[in-house]
Structure formats: structure tokens, C-alpha cells
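Okay, so here's the structure we're looking at.
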Amino acid sequence: EDLLTVEDIHVFYGNIAAVKGVSLSVKPGEIVTLIGSNGAGKSTTLRTVSGLLRPRTGKITFQGESLVGIPGHKVVAKGICQSPEGRRIFPKMSVEENLELGAFLRNDRAGIAADKERVLDLFPRLKERIGQKAGTMSGGEQQMLAVGRALMGSPKLLLLDEPSMGLAPVLVDLIFDTIRTIRDQGTTVLVVEQNALAALRIGDYAYVLESGHLKQEGVARDMLKDD
Ligand code: ADP
Ligand code: ADP
């Protein structure tokens, strides 16, 4: 049984088709990666799942319910949270305030407190900087905060857009190890990556996009061998 199913979606910016018939599925407990070069349609696919964009045609089903036409905040309420590409955290706010913003749709105080603990345990660097203004942290730390903020929505499905962008190799390994831990703790992950090698190393299943089309898919480990 799939957690998320995307069936033959077409997504346009004005008259320009950015995604031209992409289908994919995500099973509970997996890390699924979307890879492909710049402009392939990865971010557009992710933004469509998170409700930021609406497909012109095609279906998106989450836990058996259609997501098409549902606004972004309702998608979050259903359990899909996206960490934005780049480092779109709030630079003048503290680490703690940024995390709390990630929980703004929730009203279960105990759950929010527990998830804050969980995020700070996942990212000890954030724990050390809990009161620091986010904008004064390193790029890697801001990237961790962006992932942590998405986790504060208590997602069943975590969407990550290039969590390794611009990071030194040692930090790429660290953030991907943490994504694996997040999966092992029970959160399913759909991650967009340009760094195909890193993505295939952590992914359970991978989809390769090219020019808005699905070019290849398979078990990530097997695709790693083929290269
Ligand atoms: P990515 O390829 O990872 O989406 P980009 O740097 O291409 O990153 O895009 C950054 C922002 O600019 C995104 O919000 C994207 O939607 C927007 N963008 C990208 N391409 C275009 C375009 N051709 N016209 C207008 N906006 C664009
Ligand atoms: P990727 O994430 O694989 O780099 P994107 O999904 O960002 O690819 O982009 C797919 C295509 O859509 C590209 O040709 C890009 O220029 C275009 N595009 C992305 N965002 C916008 C936007 N906001 N407006 C117009 N075109 C866009």
C-alpha cells in the first residue's frame, strides 16, 4: 500500500510545461529520491505534492485521499511537510523560534515539546545554538534548521528540496545520515537531489527525471551498481 501516489501529472508555468506526465509512488517507511539535472522538473514535482502548485492533469493521492486542488496549509495538516530548497529560514529569529514556526498549525503542546526535543537530539549543533539568531549560523546549520522546521509539523511524509545544496562533503554525509535516522524513526521521506551519488546512497528507491519526463526508476542500491 502506497503512502503517496502521483499519477501522470502535468504541471505548467503559464504556457510552459515543466512536468510532462510524471508518475511515482512512495511506500511508508522509505526514503525515495528524485534525481536529475537542473531544470528537469524535480522541484516542480515536489511543489505540486506539497500543494504549492496545482497539476493541470493527473492525480495525487495521499493515504487514499486525493490532494489535487487542496491548498498548501491543508496539505500540511494532512501530514505532508516540505523543507524549502535553499535556506529559507527566518534569519532574525532564533533557532527555537524558527522551530516553533514549523509547528504553527498544531495545537498539541505536549506533542510540539516532544518534537522539539526530537529535532534537537537529531541536530546537536542546533541544540548548542538554540537561542542564536538563525541568520548568524553557518550554511550547513541553516540547512539543518530548515529540515528541523519541517519536522516540527509532525509529518508522515517529509519533503526535502536539495538538503545538501552548497554543503561541504562532510556536512552532506552528516545531513544524509540524519535523514536516514529520521526514516528509521518512522517518517517517510521524499527528497529532491542534484547530487545523484549521495541520493542513491541514502535512498531506498529512486526516480530520475529529465526535461519534465521520468527517464528511469528503480531500487537505489541497484542503480548505484549500474553507474
Ligand atoms: P530550482 O531549479 O532548484 O528550482 P532555480 O534557481 O532554477 O532553482 O529557481 C529559483 C526560483 O526561481 C524558484 O522559485 C523557481 O520557481 C523560479 N524559477 C526558475 N526558473 C524560472 C523561470 N524560467 N521563470 C520564472 N521563475 C523561475
Ligand atoms: P529542477 O528542480 O529539476 O531543477 P524545476 O522544477 O525547478 O527543475 O524546473 C523545471 C522547469 O520549469 C525549468 O525549465 C524551469 O526553468 C521552469 N520553472 C521553474 N520554476 C518556474 C517558475 N516559477 N516560472 C516559470 N518557469 C519555471
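The values are calculated or read from the model by the stated rules, or taken from the named source; none is laboratory data. Worth saying up front: this structure is predicted, and the values here are computed from it rather than measured. Heads up, the Cβs are rebuilt from the backbone with ideal geometry, glycines too, and the neighbour counts pull from every protein chain shown. Only protein heavy atoms, including side chains, enter the accessible area calculation; ligands, DNA and RNA are left aside. Shrake-Rupley method; radii C 1.70, N 1.55, O 1.52, S 1.80 Å.
Taken about its Cα centre, the stretch 123-200 carries a charge dipole of about 320 debye when Lys and Arg each add +1 at the Cβ and Asp and Glu each add -1 at the Cβ. Taking a ≥ b ≥ c as the square roots of the eigenvalues of the alpha-carbon gyration tensor, the stretch 65-161 is classed prolate because a/c is 1.5 or more and a/b outweighs b/c. In the stretch 145-227, the C-alpha radius of gyration followed by the widest Cα-Cα span (Dmax) gives 12.9, 37 angstrom. For the stretch 162-209, the Kirkwood radius over C-alpha pairs fed into Stokes-Einstein at 25 °C and 0.890 mPa s yields D = 222 µm² per second. Taking only the alpha-carbon positions of the stretch 132-184 and ignoring solvent, what does the Debye formula give for the base-10 log of I(q)/I(0) at q = 0.18, 0.23 Å⁻¹? The computed values of log10 I(q)/I(0) come out as -0.59, -0.93. In the chain, the DSSP beta bridges split such that about 55 percent are antiparallel, to the nearest 5.
Provide Rg over Rh for the stretch 1-148; use the alpha carbon set for both Rg and the Kirkwood Rh (inverse mean inverse pair distance).
Numbers: Rg = 17.0 Å, Rh = 16.9 Å.
On the Cα set of the stretch 1-148, Rg over Rh gives 1.00.
Listed by chain and number, the aspartates and glutamates whose alpha-carbon sits under 18 Å from that of Lys74, ignoring those within fewer than 8 places in the same chain, are Glu65, Asp108. Dipole orientation for the stretch 92-227: of the candidates Ser154, Thr188, Ser94, Ser94 has the Cα lying most toward the positive pole (charges on Cβ; Lys, Arg +1; Asp, Glu -1). Across the chain, Cα pairs under 8 Å and at least six residues apart give a relative contact order of 29 percent. A Gaussian network model of the chain, with springs between Cα atoms under 10 Å, assigns the largest mean-square fluctuation among Phe123, Phe90, Phe104 to Phe104.
Going by Cα centres, the stretch 111-164 and the stretch 32-74 are how many Å apart? Cα centroid of the stretch 111-164 versus Cα centroid of the stretch 32-74: 23 Å apart. What you get for the stretch 1-112, charging only the Cβ of Lys and Arg (+1) and of Asp and Glu (-1), is a dipole of about 380 debye around the Cα centre. For the stretch 1-92, applying the loop criterion from DSSP together with a ceiling of 10 other beta carbons within 10 Å to the GluC sites (Glu not before Pro) yields Glu1. Classify the stretch 70-227 as rounded, prolate or oblate, taking a ≥ b ≥ c as the square roots of the eigenvalues of its Cα gyration tensor: rounded when a/c is under 1.5, otherwise prolate if a/b is larger than b/c and oblate if not. Here the stretch 70-227 falls in the prolate category. Evaluated with a Cβ-only charge set (Lys, Arg +1; Asp, Glu -1), the chain carries a dipole of roughly 660 debye about its Cα centre, given to the nearest 20. Rounded, prolate or oblate: which fits the stretch 3-45, taking a ≥ b ≥ c as square roots of the Cα gyration tensor eigenvalues, rounded meaning a/c under 1.5, else prolate when a/b beats b/c? The shape class here is oblate. Dividing the helix sum by the residues of the chain, where each DSSP H run of 4 or more adds -39500 (n - 2.57), gives a mean residue ellipticity at 222 nm of -10500 deg cm²/dmol. Shown for the chain are the DSSP H helices of 15 Å or more along their axis, judged by Cα atoms, with a mean Kyte-Doolittle hydropathy of at least 0.0: 139-151, 169-184.
Annotation: Leu214 carries an accessible surface of approximately 60 Å², with a 1.4 Å probe and no ligand, DNA or RNA atoms counted.
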